[in-house]
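The values are calculated or read from the model by the stated rules, or taken from the named source; none is laboratory data. Note that this is a predicted model, so its numbers are computed, not measured. Using ideal geometry, Cβ is built from the backbone for each residue, glycine included, and neighbour counts are taken over all protein chains shown.
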Amino acid sequence: MDHLETLRIFNTVVEVKSFTRAASILGLSTPMVSRSITELEARLGVRLFQRSTRHISATEVAERFFEGSVRILAELEALEAEARHGVTEASGVLRLVAHTTATVNVLVPLIADFKKAFPSVHLDIALTERPVDLVEEGYDLGILLPFMLTTDKVVSRDLTRIPVAVVSSPEYLSARERPQTPQDLAGMNFVALPPSIQTPSLRFRRRNEDIVVDLKVDITTNNPALRKEMVLQGFGLGVLPETLIEDEIKDGSLVRLFADYQLVDSDVELRLVYSNRKFMPAKVRAFVDYAVLYYQVAHDEAETVI
């Protein structure tokens, strides 16, 4: 088998951690994939995978070899694309890590439309709400919140922003006087982000006047869905993404406060993150270009409606 094709098979096995799944993605038989890996191990004189009856795992040597082979194949792919005047087909496994709640509530249409546009790209999507090292963990792309970035050795660009609102359950408000101005929040409990992620304060703006309010935080969590549930249970007020609470606002189980005030610098900022490589694989370039255009079109349409 051609050595470059062997490298592609090796890379796919590392990415999906399965001979069988790699074979399915590449349109090969599982024995052919296994034989290719065995031949590569013989050529290198090292073991690349620890095998058992249920799963495989890459050895330390394989992980180092994978980093180099990914770079080589990406550069080759870019050179071939340049030779063909930029025409190339995006394909292979695209490893994407994204913020859990944002993905479920906002990003599904983008991901679904991308998959329809590029059926040859196999998506391997990991969801998390913890800090991520894109390079160390081997992801091609990330759609993350700023606090999730752990290194500046990546390209990070603003993808979209999700507005937030201050909300409360009717039950929580029924036990105390409803706040009419931000200053009335003094003494009220908040379910908020941990202070390591966001300072426990809010900045409101009205008629060019800024009002900063320090929050009394009773419960903290980095998960917006859990914050919503705690607010619904009457544990305090919350600052939540509008896309997450639309139904609750409509049915009255949550009440929006301070609609006449602008919340400053509180929007949920989703960032598109990828490795800063000179030669970007076609599958990565395809997603980056598609995502940027997708949200640019959405932004332009929203401005047209306004």
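Structural remarks
- Residue within segment 31-47 that is surrounded by 12 or more Cβ atoms within 10 Å (Cβ to Cβ) and modelled with pLDDT under 90 present: no
- Of all residues in segment 1-38, those being outside any helix (DSSP H, G or I) and of a type in the set (A, V, I, L, M) number 2.
- Members of segment 39-67 found to be within 31 Å of the chain's Cα centre (by Cα) and in a loop (DSSP other than H, G, I, E, B), listed by number: 48, 54, 55, 59
- Residues satisfying the stated conditions in segment 212-231, i.e. touching a helix residue (DSSP H, G or I) at 6+ places or on another chain (Cβ under 7 Å) and in contact (Cβ under 8 Å) with a residue 40 or more places away in the chain: 223, 224, 225
- Meets criteria (closer than 30 Å to residue 130 by Cα and assigned by TED's automatic domain parsing to the domain that holds residue 261) for residue 173: no
- Some residue of segment 74-94 being part of a strand (DSSP E or B), under 23 Å from residue 155 (Cβ atoms) and at pLDDT below 90: yes
- Residue list for segment 136-168, restricted to those being out of contact with any Pro (no Cβ under 8 Å at 6 or more places or on another chain), surrounded by 15 or more Cβ atoms within 10 Å (Cβ to Cβ) and in a loop (DSSP other than H, G, I, E, B): 138, 139, 145
- Residue under evaluation residue 246, criteria (1) without any contact (Cβ under 8 Å) to a residue 24 or more places away in the chain; (2) part of a loop (DSSP other than H, G, I, E, B), criterion not met: (2)
- With a requirement of 1 or more residues that are among the hydroxyl-bearing types (Ser, Thr, Tyr) and closer than 30 Å to residue 98 by Cα, the strands (runs of 3 or more DSSP E) lying completely within segment 169-229 that satisfy it span 201-206, 216-220.
- Test result for residue 176, loosely packed, with under 12 Cβ neighbours inside 10 Å and not hydrophobic (A, V, I, L, M, F, W, C): yes
Every residue, every condition in (1) of a type outside the set (Ser, Thr, Tyr); (2) modelled with pLDDT of 90 or more; (3) more than 24 Å from the chain's Cα centre (by Cα), yes or no:
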| position | (1), (2), (3) |
| --- | --- |
| 201 | no, yes, yes |
| 241 | yes, yes, no |
| 245 | yes, yes, no |
| 250 | yes, yes, yes |
| 306 | yes, no, yes |
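- Scanning segment 36-58 for residues that are of a type outside the set (Ser, Thr, Tyr) and within 16 Å of residue 17 (Cα to Cα) yields 37, 47, 48, 49, 50, 51, 54, 55, 56, 58.
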